[in-house]
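The values are calculated or read from the model by the stated rules, or taken from the named source; none is laboratory data. This is a predicted model, so every value here is computed, not measured. Cβ atoms come from the backbone with ideal geometry, glycine included; neighbour counts cover every protein chain shown. The area values use the complete protein model at the heavy-atom level, side chains included, leaving out ligands, DNA and RNA. Shrake-Rupley method; radii C 1.70, N 1.55, O 1.52, S 1.80 Å.
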Amino acid sequence: MRLLVIGKFGTEVSQACKIATDKGAKIINAENIEQGLQKLLSGDGVEAVLIDVEQDIARFVIETMREHITTPIIAYGINADSKKAALSIKAGAQEYLPLPPEEELIAAILESISDEKLEMISSSEVMKKVVELAEKVSPSDASVLITGESGTGKEVMARYIHSKSNRKNEKFVSVNCAAIPENLLESELFGHEKGAFTGALNRRIGKFEESSNGTLLLDEISEMDLRLQAKLLRALQEKEIDRVGGSTPVKVNLRILATSNRDLKKEVKEGRFREDLYFRLNVIQLQLPPLRERRDDIKAFAAYFSGKFAEQNSLAKPKIADDAMRALEAYEWQGNVRELENTMHRAVLLSNKGVIDKNCLMLEGIENSNENTNGSELKTLVGRTVSDVEKELILNTLGSVSGNRSKAATILGISLRTLHNKLKEYEASQQVA
Ligand SMILES: Nc1ncnc2c1ncn2[C@@H]1O[C@H](COP(=O)(O)OP(=O)(O)OP(=O)(O)O)[C@@H](O)[C@H]1O
Ligand SMILES: [Mg+2]
């Protein structure tokens, strides 16, 4: 993960960067917003921007928007007050990071924007076959279409293919076609020339050029509109791209991987996806089966995730009790591997004396012996406001994990940032009352 830090490099910022670097991030520094903008335009692969609240964040946000840049912007403040934090969010920053840094918070922010996952678990026969096929096609430059339900591991597979390819020492660049607004996606992919549209005051290098010699993942490609599909097809056929507003094509040399959780053939039939592009991308198709069709993987995943989350929380790896394992293996897993991952994360935090039993899993439809939300308790909730009940739930959860905010946030299924904000809100309302 590459982070661009805009502002003076004082002690607190260095501390924060050290934590981020230890967690695998690369830091690029810019002294002011002009320099920062140039770095973003140059195709340096910046994945998030950290900017000092003392900088003119509003102007920076406007300038990145003008250039159709969608990189997330996080403001930081050194011993700053909550007013400044609020102002930075109002100016367009997505998050606010108080410094001196809290390691936990930096880890959470990095995790929310990070994409460096590379463990490929496969223990079932079906999955082993898919991985085998992936390894076979990795060294070639053929496009690969990776399909499967949400949470089956399509992105993990894309990274795995890159890591096994001849391009493994080059960049892996991923563009989520569903997350970027339609009108900004073209510039994100192909870049633009100065003056290409109102607001394009500079040349911008897009992801195609950024990933040249490497691999470009077009994530959720079914969400790309038809006009852009035509441009993409041309780029794949000619191995050259036109920057928006550009008059000379630029040669690119890259390998394309694409994912979709929709049935692209059906999209073609219904006129939402170009058939010629489908054939171009679908040279090889890797279909990831849903987790419920490869139950032999569940045990390996449960062991892997419980180890991973125990380590993250500085706990010894818990033992998974037999009844818990049986429940895991029998469950439907509509959310696939991602759901199992979240379940194991919660289970590690709820584990008791180093053991994960069935109660720690909190699986829907599976009875917990300490279940306490029975009918009469639900009735007592009637008449209370949602925010009131929410407050009680948040405070009780926090109490049950001895005030550990990251544990509480995980159990509640909200971000650490949301939890911080809620607690601030409660504090403020108490001061008023
Ligand atoms: N084979 C695997 N080995 C290790 N971790 C995996 C594997 N498959 C999935 N995961 C984990 O499960 C989660 C979901 O995987 P991923 O993001 O690749 O799914 P996806 O198919 O791209 O989902 P979506 O369609 O929602 O984007 C990730 O946190 C990933 O690390
Ligand atoms: Mg994905």
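For Leu277, state whether it is within 16 Å of ligand 2 (Cβ to nearest atom) and either touching a Leu at 6+ places or on another chain (Cβ under 9 Å) or not in a strand (DSSP E or B) (or both). Reasoning before the result, please.
On the way: within 16 Å of ligand 2 (Cβ to nearest atom): no; either touching a Leu at 6+ places or on another chain (Cβ under 9 Å) or not in a strand (DSSP E or B) (or both): yes.
It is false that Leu277 is within 16 Å of ligand 2 (Cβ to nearest atom) and either touching a Leu at 6+ places or on another chain (Cβ under 9 Å) or not in a strand (DSSP E or B) (or both).
Within the range 68-81, how many residues turn out to be over 23 Å from the mean Cα position of the chain (by Cα) and surrounded by 14 or more Cβ atoms within 10 Å (Cβ to Cβ)?
The initial filter retains those residues of the range 68-81 that are over 23 Å from the mean Cα position of the chain (by Cα), namely 77-81.
Add one more test, that the residue is surrounded by 14 or more Cβ atoms within 10 Å (Cβ to Cβ), and what stays is 77-78, 80.
Qualifying residue count for the region: 3.
Answer with yes or no whether Gln285 is open to solvent by 30 Å² or more (accessible area, probe 1.4 Å), in the same structural domain as Ala178 (by TED's automatic domain parsing), farther than 30 Å from Ala108 by Cβ and polar (S, T, N, Q).
On the way: open to solvent by 30 Å² or more (accessible area, probe 1.4 Å): yes; in the same structural domain as Ala178 (by TED's automatic domain parsing): yes; farther than 30 Å from Ala108 by Cβ: yes; polar (S, T, N, Q): yes.
Yes, satisfied.
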For the range 215-227, indicate whether the set of residues that are more than 16 Å from ligand 1 (Cβ to nearest atom), of a type outside the set (Ser, Thr, Tyr), over 24 Å from the mean Cα position of the chain (by Cα) and assigned to a helix (DSSP H, G or I) is non-empty.
yes
Filtered residues of the range 156-191 (kept if more than 13 Å from ligand 1 (Cβ to nearest atom), assigned to a helix (DSSP H, G or I) and within 14 Å of the chain's Cα centre (by Cα))
none
Note on Met157: of the conditions (1) assigned by TED's automatic domain parsing to the domain that holds Phe279; (2) touching a strand residue (DSSP E or B) at 6+ places or on another chain (Cβ under 6 Å); (3) more than 25 Å from Lys308 (Cα to Cα), unmet is (3)
Output yes when any residue across the range 17-26 is open to solvent by less than 30 Å² (accessible area, probe 1.4 Å) and within 13 Å of Ser88 (Cα to Cα), and no when none is.
no
Can Asp296 be described as open to solvent by 70 Å² or more (accessible area, probe 1.4 Å), of a type in the set (D, E, K, R) and modelled with pLDDT of 95 or more?
yes
Of all residues in the range 239-266 being open to solvent by less than 70 Å² (accessible area, probe 1.4 Å) and under 12 Å from Leu145 (Cβ atoms), the one that is farthest from ligand 1 (Cβ to nearest atom)
Ile256
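So which of Glu329, Glu341 ends up being surrounded by fewer than 22 Cβ atoms within 10 Å (Cβ to Cβ) and more than 25 Å from Leu398 (Cα to Cα)?
Numbers: Glu341 fails: more than 25 Å from Leu398 (Cα to Cα).
Answer to the selection: Glu329.
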Residue by residue through the range 344-358, note down the ones that are modelled with pLDDT of 90 or more, surrounded by 14 or more Cβ atoms within 10 Å (Cβ to Cβ) and of a type in the set (A, V, I, L, M).
Met344, Ala347, Val348, Ile356
Across the range 136-155, which residue is nearest to Ile284 (Cα to Cα) among those that are within 16 Å of ligand 1 (Cβ to nearest atom) and assigned to a loop (DSSP other than H, G, I, E, B)?
Ser138
So for the range 35-50 (the condition being without any contact (Cβ under 8 Å) to a residue 40 or more places away in the chain and over 27 Å from Glu155 (Cα atoms)), does at least one residue qualify?
yes
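Being in the same structural domain as Lys239 (by TED's automatic domain parsing), in contact (Cβ under 8 Å) with a residue 40 or more places away in the chain and either assigned to a helix (DSSP H, G or I) or open to solvent by 20 Å² or more (accessible area, probe 1.4 Å) (or both): is that true of Leu201 here?
So Leu201 fits the description; yes.
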Please find, within the range 133-160, the residue that is nearest to Pro290 (Cα to Cα) out of those that are open to solvent by less than 50 Å² (accessible area, probe 1.4 Å), away from ligand 2 (no atom under 14 Å from the Cβ) and touching a residue at least 60 places away in the same chain (Cβ under 8 Å).
Ala134
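Is it the case that Asp22 is within 24 Å of the chain's Cα centre (by Cα) and not hydrophobic (A, V, I, L, M, F, W, C)? Lay out the reasoning, then the answer.
Values: within 24 Å of the chain's Cα centre (by Cα): yes; not hydrophobic (A, V, I, L, M, F, W, C): yes.
When the stated conditions are applied, Asp22 passes them.
Out of Gln94, Gln35, which single residue is in contact with a strand residue (DSSP E or B) (Cβ under 8 Å, 6 or more places away or on another chain) and closer than 24 Å to Cys177 by Cα?
Working: Gln35 fails: closer than 24 Å to Cys177 by Cα.
From the options Gln94, Gln35, the qualifying one is Gln94.
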Only one of Arg274, Arg292, Arg227 that is farther than 16 Å from His68 by Cα and either among the β-branched types (Val, Ile, Thr) or in contact with an Asp or Glu (Cβ under 7 Å, 6 or more places away or on another chain) (or both):
Arg292
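Give the residue that is nearest to His345 (Cα to Cα), with candidates limited to residues of the range 399-408 that are part of a helix (DSSP H, G or I) and touching a residue at least 24 places away in the same chain (Cβ under 8 Å). Spell out the reasoning first.
First, the residues of the range 399-408 that are part of a helix (DSSP H, G or I): 399-400, 405-408.
Checking the rest, the ones that are also touching a residue at least 24 places away in the same chain (Cβ under 8 Å) come to 405-407.
On the way: Arg405: 14, Ser406: 11, Lys407: 9 Å.
So the residue we want is Lys407.
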